[in-house]
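Q: Next up is a structure, given as structure tokens.
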Amino acid sequence: MKKIVILTLCLLLVFAMVGCTSQPQAAEEPSATGSASASAEGASESAAAPAGDEMTVVLIPKLVHEFYNYVQEGADQAVKELEEQGYKVNVVWSAPTAADVTEQTQKLESAISLNPDYIGIAVINGESVKPMLESAQQNGIKVIAFDTDYEGSTADSFVGASLDAQYHSGEQAADILVKQTGKTEGKVAMLTGSPDAENHKLFSGGFRDRIQSEYPGFEIVTEQADNDDKEKATQLTEAILAQYPDVDIIFGGDGSAGVGAGIALQAAIDTGRVEKDQVKISTYCLTADPQASLEAGQISAIIDYSPYYEGYYTVMSAAQEFFNGVELQGVDIPFGIVTMENLATYSDEYRQICIDSGAEYWNK
């Protein structure tokens, strides 16, 4: 009888050891890119690290796009700076190939299975992801919405431009473009981005209202939706310049509109249909194409809000909570205006604007 009891205990011990050492079934892993980004395998391991020792954040943008490349660069810079301070941070970058709700939901599901400390997400459709994000939070994963928040958001914080700031950016565009014309009256055309994009509606709404209320001598002669497509913006501007060759201002309500408008304007100048320096054009975000257009003289102003700092402050704010116990707060990404006059100094100036606006609240 004693032998049977001992044998039974041995068998139970073996089963217990097998249970402790067996590996869970591998989940679909998010892709990881960038020099400072962790691999999904590394993220899975780090998620089990003791709190305060090592932190993992999964970042899920809307899609693979130049804008979000800058977000990733900012996140990687934050990782580098934190490592210099002795903090170990893993960033897993998991980008849908297109702005597809189903694909983003799949990315989110895979991210949750890694059990990271934080998930940062630029939400495409709030209703689709809200239940999953709430479930993640109930399991101890903090959620940071970046770039775009979602309806009825329960995110622990938001890093991006506020709705008021988005509207005001249109007002800023109106002010700088009218000033650049040096006139008190003229004609204005608007490229309004994507009809369903809430931020594009706010950009255009702020611009339209400002022109009509503060610059009554300027007439908005046409509004066209370019769908954030450079080629379409080029075609629309060609038609605008043909119909209104004396137009003074073209407002670009997204990151592609002004670039496309500038291409059409340059062609009209080269063929003598429009005078050089006659038309002032704006666009959004200081990324590679808008900067090249500004330097080529095809556009005259960039209304900038920094995707780089969206990534930077998403990671930084998470790290400050995780390592130092500083409670998450929202980070408002401010807008700035870039022209050829301040292009060389703008990056340093913008960082100071962010600091002054309280973005680095943990340093107060």
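Q: Run down Ile269, Ile303 and say which single residue is of a type in the set (Val, Ile, Thr), free of Cβ contacts under 8 Å to residues at least 24 places away in the same chain and either open to solvent by 20 Å² or more (accessible area, probe 1.4 Å) or not in a helix (DSSP H, G or I) (or both).
A: Ile269
Q: Right, another one. Which one is modelled with the highest pLDDT among residues in the stretch 177-220 that are open to solvent by 30 Å² or more (accessible area, probe 1.4 Å) and of a type in the set (A, V, I, L, M, F, W, C)?
A: Looking at the filtered set, the residue picked out is Ile220.
Q: What residue, among those in the stretch 53-95 that are aliphatic (A, V, I, L, M), over 11 Å from the mean Cα position of the chain (by Cα) and open to solvent by 10 Å² or more (accessible area, probe 1.4 Å), is nearest to Tyr150 (Cα to Cα)?
A: Taking the candidates together, the pick is Ala95.
Q: Given (1) open to solvent by 60 Å² or more (accessible area, probe 1.4 Å); (2) part of a helix (DSSP H, G or I), where does Ala292 come up short, assuming only one miss?
A: (1)
Q: Would you mind stating whether Thr105 is hydroxyl-bearing (Ser, Thr, Tyr), touching a helix residue (DSSP H, G or I) at 6+ places or on another chain (Cβ under 6 Å), over 22 Å from Tyr308 (Cβ atoms) and open to solvent by 20 Å² or more (accessible area, probe 1.4 Å)? Give the derivation first.
A: Values: hydroxyl-bearing (Ser, Thr, Tyr): yes; touching a helix residue (DSSP H, G or I) at 6+ places or on another chain (Cβ under 6 Å): yes; over 22 Å from Tyr308 (Cβ atoms): yes; open to solvent by 20 Å² or more (accessible area, probe 1.4 Å): yes.
Here the answer is yes, as Thr105 does meet what is asked.
Q: Keeping to the stretch 118-130, report how many residues are out of contact with any Ser or Thr (no Cβ under 7 Å at 6 or more places or on another chain) and at pLDDT 95 or above.
A: Adding up the residues that qualify gives 3.
Q: Within the stretch 161-171, identify whether any single residue is part of a helix (DSSP H, G or I), surrounded by fewer than 17 Cβ atoms within 10 Å (Cβ to Cβ), on the phi < 0 side of the Ramachandran plot and not charged (D, E, K, R), and answer yes or no.
A: yes
Q: If you don't mind, there's one more thing I want to ask. Quick one: count up the residues across the stretch 173-214 that are touching a helix residue (DSSP H, G or I) at 6+ places or on another chain (Cβ under 6 Å) and more than 24 Å from Ala239 (Cα to Cα).
A: Total satisfying the criteria: 4.
Conditions tested, residue by residue: (1) within 19 Å of the chain's Cα centre (by Cα); (2) closer than 30 Å to Tyr244 by Cα.
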residue: Ala264; (1), (2): no, yes
residue: Glu295; (1), (2): no, yes
residue: Gln298; (1), (2): no, yes
residue: Thr314; (1), (2): yes, no
residue: Tyr361; (1), (2): no, no
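Q: Now for a different question. For Thr314, indicate whether it is hydroxyl-bearing (Ser, Thr, Tyr), over 16 Å from Gly255 (Cβ atoms) and surrounded by fewer than 19 Cβ atoms within 10 Å (Cβ to Cβ).
A: Criteria not met by Thr314.
Q: Right, Ile121: crowded, with 23+ Cβ neighbours inside 10 Å and among the β-branched types (Val, Ile, Thr) or not?
A: In short, yes.
Q: Taking the condition of being in a loop (DSSP other than H, G, I, E, B) and free of Cβ contacts under 8 Å to residues at least 40 places away in the same chain, how many residues in the stretch 210-225 meet it?
A: 3
Q: Taking the condition of a type outside the set (Gly, Ala, Ser), surrounded by 15 or more Cβ atoms within 10 Å (Cβ to Cβ) and within 26 Å of Val58 (Cβ to Cβ), does Phe322 pass?
A: Taking the combined requirement at face value, the residue satisfies it.
Q: Among the listed residues Tyr350, Tyr284, identify the single one that is closer than 26 Å to Asp248 by Cα, among the aromatic types (Phe, Trp, Tyr) and either open to solvent by less than 10 Å² (accessible area, probe 1.4 Å) or under 18 Å from the mean Cα position of the chain (by Cα) (or both).
A: Within the list Tyr350, Tyr284, the selection yields Tyr284.
Q: Among (1) more than 23 Å from Pro290 (Cα to Cα); (2) free of Cβ contacts under 8 Å to residues at least 40 places away in the same chain; (3) among the basic types (Lys, Arg), where does Lys232 come up short?
A: Unmet for Lys232, out of (1) more than 23 Å from Pro290 (Cα to Cα); (2) free of Cβ contacts under 8 Å to residues at least 40 places away in the same chain; (3) among the basic types (Lys, Arg): (1).
Q: Separate question: Filter the stretch 131-152 down to residues that are within 21 Å of Ala95 (Cβ to Cβ) and among the small types (Gly, Ala, Ser) and give me whichever is farthest from the chain's Cα centre (by Cα).
A: Ala136
Q: Follow-up. If you take the residues of the stretch 226-244 that are surrounded by 21 or more Cβ atoms within 10 Å (Cβ to Cβ) and among the hydrophobic types (A, V, I, L, M, F, W, C), which of them is farthest from Thr192 (Cα to Cα)?
A: Per the stated criteria, the residue is Leu241.
Q: Would the stretch 245-264 turn up any residue that is at pLDDT 95 or above, part of a loop (DSSP other than H, G, I, E, B), open to solvent by 40 Å² or more (accessible area, probe 1.4 Å) and charged (D, E, K, R)?
A: Yes, that holds for at least one residue.
Q: Tell me, which residue of the stretch 222-246 that is among the β-branched types (Val, Ile, Thr) and in contact with a strand residue (DSSP E or B) (Cβ under 8 Å, 6 or more places away or on another chain) is nearest to Ala257 (Cα to Cα)?
A: Looking only at the stretch 222-246, we keep the residues that are among the β-branched types (Val, Ile, Thr), and these are 222, 234, 237, 240.
Filter again for in contact with a strand residue (DSSP E or B) (Cβ under 8 Å, 6 or more places away or on another chain), leaving 222, 237, 240.
Working: Thr222: 14, Thr237: 9, Ile240: 13 Å.
Among those residues, the one meeting the criterion is Thr237.
The values are calculated or read from the model by the stated rules, or taken from the named source; none is laboratory data. Predicted model, so just to flag it, every value in this text is computed and none were measured. Neighbour counts are summed over all protein chains in view; Cβ atoms, including those assigned to glycine, are modelled from backbone coordinates with ideal geometry. These area figures cover heavy atoms from the full protein model, side chains too; ligands, DNA and RNA do not enter into them. Shrake-Rupley method; radii C 1.70, N 1.55, O 1.52, S 1.80 Å.
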